[in-house]
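I have placed the structure first, in the form of structure tokens, so that the comments after it can refer back to it.
The values are calculated or read from the model by the stated rules, or taken from the named source; none is laboratory data. From a predicted model like this one, the values you see are computed outputs, not experimental measurements. Here the Cβ positions follow ideal geometry from the backbone for every residue, glycine too, while neighbour counts run over all protein chains shown. Side chains are part of the model used for accessible areas, which takes the heavy atoms of the whole protein and leaves out ligands, DNA and RNA. Shrake-Rupley method; radii C 1.70, N 1.55, O 1.52, S 1.80 Å.
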Amino acid sequence: MIKNWFKNIGPGPLVAAAFIGPGTVTMCTLAGVKFGYALLWAMALSVIATIVLQEMSSRLGIITQKGLAQTIRAEIKSPVLKGLAVFLILSAIVVGNTAYEAGNISGGVLGLEAIFGDQNIQTDWFSFNMFSVIIGLLAFILLYIGNYKVIERVLVALVILMSLAFFITAILTKPNFINIVKGAFVPTYPQDSIFTIIGLIGTTVVPYNLFLHASLVKEKWHDKSDLKYARKDTIVAVILGGLVSMSVIVSSAAIQTEDINSAADLAKGLEPLFGAYSKYFLAIGLFAAGITSAITAPLAAAYVACGCLGWTSNLKSIRFRSIWVFILIFGIASSSLGIKSIEIIKFAQVANGILLPVVAGFLIWVMNRTSVLGIYKNSLKQNVLGIVILAITIFLGLKSILKVFEVF
């Protein structure tokens, strides 16, 4: 039974790997430091929303054997709307993942530095970080091999490593399990917590995972009978990802100071209280979170760009490779040289803020089209859940855009 489940494990862990990046770890760290276990329920809500949308995305990929971007191109008939949709998707996913890639690599670097110390190399002309280059090369080799099964197995192994590292870190802090259960199932709103709640949901329900999932399931499964495996794969992996995020919140809640701004600070803060092992486990988790996102972000961008532009999404095609190579090189350079692409990141945040509700809305619409999905279209229950989540994504999107313009 277990052997059969492992055989049918699929893109779910890759989706979990994609949303548990350094940004998510940092957001969860701040939530735990500031509010203890009180916002665990927000992560539980995020998990439910992610499962609902990702299940739709994977079902679409298996039934149509197309990526989400390809489906958008095919189903939107108006040339103007199609052009706008393609521009928005490319702006948010390709430009966004290019901007965020430096952060993914830098997150992995923080994990390595917590164990091995600073590895900046100084020259007469500039300085660069050796760990950034190493992480970038590892991602490059894995993606260049161009074999989906190899990518899947490596990322599944990294997700398991990351999960164990964060779970053990949380256990080492000897948490109060009754308070954890209460925090996860009883919603509370501590003072000044609203933006942290939105941040926790926003860092888990991400638009590029919807595109990534629909593209990956058709690499893994080709028959309608595989839907049951895809659904189980999605539910288990996203719940596991949510538990990892919750473990970070639990770990950071053990620190009795608010002078912590990142997971690297958390690693330093845990050591005097819970011993050197807690620091090492957290560092390993942070490294795994960084490198998995450093692999999935360029991969997702390549799938999206090829789908939007009508190119083949073959992992070994020149166009597919050229997209992820550009994003990876940009990320390595930005991370190792310490370049801050603030304007690009701001643009990407605005584009993502608009894209999330647009894609969620399109996904719900297309999941109700008999011409596309036949008997596999959404049920009434799935539509109700989808519409509630769509309302949440509209709120998240507005907040993301307003934050960029410093309204909040």
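Could you please let me know if Lys66 is assigned to a helix (DSSP H, G or I) and surrounded by fewer than 22 Cβ atoms within 10 Å (Cβ to Cβ)? It would help to see each step written out before you state the result.
On the way: assigned to a helix (DSSP H, G or I): no; surrounded by fewer than 22 Cβ atoms within 10 Å (Cβ to Cβ): yes.
It is false that Lys66 is assigned to a helix (DSSP H, G or I) and surrounded by fewer than 22 Cβ atoms within 10 Å (Cβ to Cβ).
Those residues that are loosely packed, with under 15 Cβ neighbours inside 10 Å and hydrophobic (A, V, I, L, M, F, W, C), I need them from the stretch 366-393; list them, please.
Ile375, Leu380, Val384, Ile387, Val388, Ala391 - these are the residues of the stretch 366-393 that are loosely packed, with under 15 Cβ neighbours inside 10 Å and hydrophobic (A, V, I, L, M, F, W, C).
Can we say Val150 is within 18 Å of the chain's Cα centre (by Cα) and within 28 Å of Thr296 (Cβ to Cβ)?
Values: within 18 Å of the chain's Cα centre (by Cα): no; within 28 Å of Thr296 (Cβ to Cβ): yes.
No: the conditions fail for Val150.
What residue, among those in the stretch 324-342 that are of a type in the set (A, V, I, L, M, F, W, C) and buried (at least 24 other Cβ atoms within 10 Å of the Cβ), is farthest from Ile76 (Cα to Cα)?
Initially, the stretch 324-342 is screened for residues of a type in the set (A, V, I, L, M, F, W, C), giving 324-330, 332-333, 337, 339, 342.
This time we only want the ones that are buried (at least 24 other Cβ atoms within 10 Å of the Cβ), so: 324, 327-328, 332.
Numbers: Trp324: 27, Ile327: 28, Leu328: 31, Ile332: 36 Å.
Looking at the filtered set, the residue picked out is Ile332.
Of everything in the stretch 211-256, what is small (Gly, Ala, Ser), over 15 Å from Thr173 (Cα atoms) and crowded, with 19+ Cβ neighbours inside 10 Å? Give them in sequence order.
As a first pass, look at the stretch 211-256 and keep what is small (Gly, Ala, Ser): 214-215, 225, 230, 237, 241-242, 245, 247, 251-254.
Filter again for over 15 Å from Thr173 (Cα atoms), leaving 214-215, 225, 230, 237, 241-242, 245.
Within the stretch 211-256, Ala214, Ser215, Ala230, Ala237, Gly241, Gly242, Ser245 meet the criteria.
Considering only the stretch 143-153, state which residues are surrounded by fewer than 18 Cβ atoms within 10 Å (Cβ to Cβ) and among the hydrophobic types (A, V, I, L, M, F, W, C).
Let us first name the residues in the stretch 143-153 that are surrounded by fewer than 18 Cβ atoms within 10 Å (Cβ to Cβ), namely 144-150, 153.
Ile145, Val150, listed by residue number.
I'd like the residue in the stretch 84-105 that is more than 15 Å from the chain's Cα centre (by Cα) and open to solvent by less than 40 Å² (accessible area, probe 1.4 Å) and, out of all such residues, is nearest to Val304 (Cα to Cα).
Among them, the one singled out is Ile89.
Do you know which of the residues in the stretch 8-31 that are outside any helix (DSSP H, G or I) and aliphatic (A, V, I, L, M) is nearest to Ala99 (Cα to Cα)?
Filtering the stretch 8-31 for residues that are outside any helix (DSSP H, G or I) and aliphatic (A, V, I, L, M), the one nearest to Ala99 (Cα to Cα) comes out as Ile20.
Give me the pairs: first residue in the stretch 192-217 and polar (S, T, N, Q), second residue outside any helix (DSSP H, G or I), beta-carbon distance under 6 Å, and six or more apart or on different chains, which are they?
Pairs found: Ser215/Gly67.
With respect to the numbered conditions (1) farther than 20 Å from Val350 by Cβ; (2) open to solvent by 10 Å² or more (accessible area, probe 1.4 Å), which one is the sole condition not fulfilled by Leu60?
Status for Leu60: all satisfied but (2).
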